[in-house]
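Participant: Pasting in a structure now, in structure tokens, and then I'll have a few things to ask.
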Amino acid sequence: MKEVRKVYREHGKLTDEILSALQFVYQTPLLPALELIDNESVTLITSSNGRQVYQVVGSAGTRYYTCFTSSKYCSCPAYRFSVLKKEDYIMCKHVLAIALCKAMDLLKTNEISDKELSTIIQELE
């Protein structure tokens, strides 16, 4: 992701070379992750006590998925099936979108109360 950051800062976009490298590493989740970024679906949620989670609007636009980047955890079904169970991918499209947003400084942020953040965490499946 350091190279993504560097290329994005230099060119204001991801070059074909970096996209090719990302495709090689992340495979199928890359294109949907880029679409999530284009749709501004990634938000960093913070609270006054310093806790934070990421929420990503799903592709259909009807559901939020909660993610923790330190563990590459996502509440989406693809994480449980394709990442954990089948081990097809190293991360789902939601966590990949977060990593790319962080690298390109494209994160939206939203501060909420500690209680609201606790509720988000408690509702995880």
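Participant: Would you mind telling me which numbered condition in (1) loosely packed, with under 12 Cβ neighbours inside 10 Å; (2) farther than 20 Å from residue 27 by Cα residue 85 fails?
Facilitator: Residue 85 satisfies all of (1) loosely packed, with under 12 Cβ neighbours inside 10 Å; (2) farther than 20 Å from residue 27 by Cα except (2).
Participant: For segment 41-59, which positions are out of contact with any Asp or Glu (no Cβ under 7 Å at 6 or more places or on another chain), in contact (Cβ under 8 Å) with a residue 60 or more places away in the chain and buried (at least 17 other Cβ atoms within 10 Å of the Cβ)?
Facilitator: 42, 43, 44, 45, 53, 55
Participant: Further, regarding this structure: Being of a type outside the set (D, E, K, R), buried (at least 19 other Cβ atoms within 10 Å of the Cβ) and out of contact with any helix residue (DSSP H, G or I) (no Cβ under 8 Å at 6 or more places or on another chain) is the requirement here; does residue 75 meet it?
Facilitator: On the way: of a type outside the set (D, E, K, R): yes; buried (at least 19 other Cβ atoms within 10 Å of the Cβ): yes; out of contact with any helix residue (DSSP H, G or I) (no Cβ under 8 Å at 6 or more places or on another chain): yes.
Against the criterion (of a type outside the set (D, E, K, R), buried (at least 19 other Cβ atoms within 10 Å of the Cβ) and out of contact with any helix residue (DSSP H, G or I) (no Cβ under 8 Å at 6 or more places or on another chain)), residue 75 qualifies.
Participant: Just wondering, is there one or more residues in segment 94-105 that are outside any loop (DSSP other than H, G, I, E, B), modelled with pLDDT of 95 or more, among the basic types (Lys, Arg) and within 13 Å of the chain's Cα centre (by Cα)? Before you say what the answer is, go through the steps one by one.
Facilitator: We begin by selecting, within segment 94-105, every residue outside any loop (DSSP other than H, G, I, E, B); these are 94-104.
When the remaining residues are screened for being modelled with pLDDT of 95 or more, the result is 94-104.
Subset that is among the basic types (Lys, Arg): 102.
From the residues that got through so far, the ones that are within 13 Å of the chain's Cα centre (by Cα) too are 102.
Yes, segment 94-105 contains a residue that is outside any loop (DSSP other than H, G, I, E, B), modelled with pLDDT of 95 or more, among the basic types (Lys, Arg) and within 13 Å of the chain's Cα centre (by Cα).
Participant: Something else now. Of all residues in segment 1-59, which are among the basic types (Lys, Arg) and either at pLDDT 95 or above or part of a strand (DSSP E or B) (or both)? It would help to see each step written out before you state the result.
Facilitator: First, pick out the residues of segment 1-59 that are among the basic types (Lys, Arg): 2, 5-6, 9, 13, 51.
Hits for segment 1-59 are 2, 5, 6, 9, 13.
The rows are residues; the columns are (1) touching a helix residue (DSSP H, G or I) at 6+ places or on another chain (Cβ under 9 Å); (2) surrounded by fewer than 12 Cβ atoms within 10 Å (Cβ to Cβ); (3) under 26 Å from residue 21 (Cβ atoms).
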position	(1), (2), (3)
39	no, no, yes
61	no, yes, no
65	yes, no, yes
100	yes, no, yes
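The values are calculated or read from the model by the stated rules, or taken from the named source; none is laboratory data. As the structure is a computational prediction, the values presented were derived from the model and not from experiment. In this analysis, Cβ positions are derived from the backbone assuming ideal geometry, glycine residues included, and neighbour counts consider all displayed protein chains.
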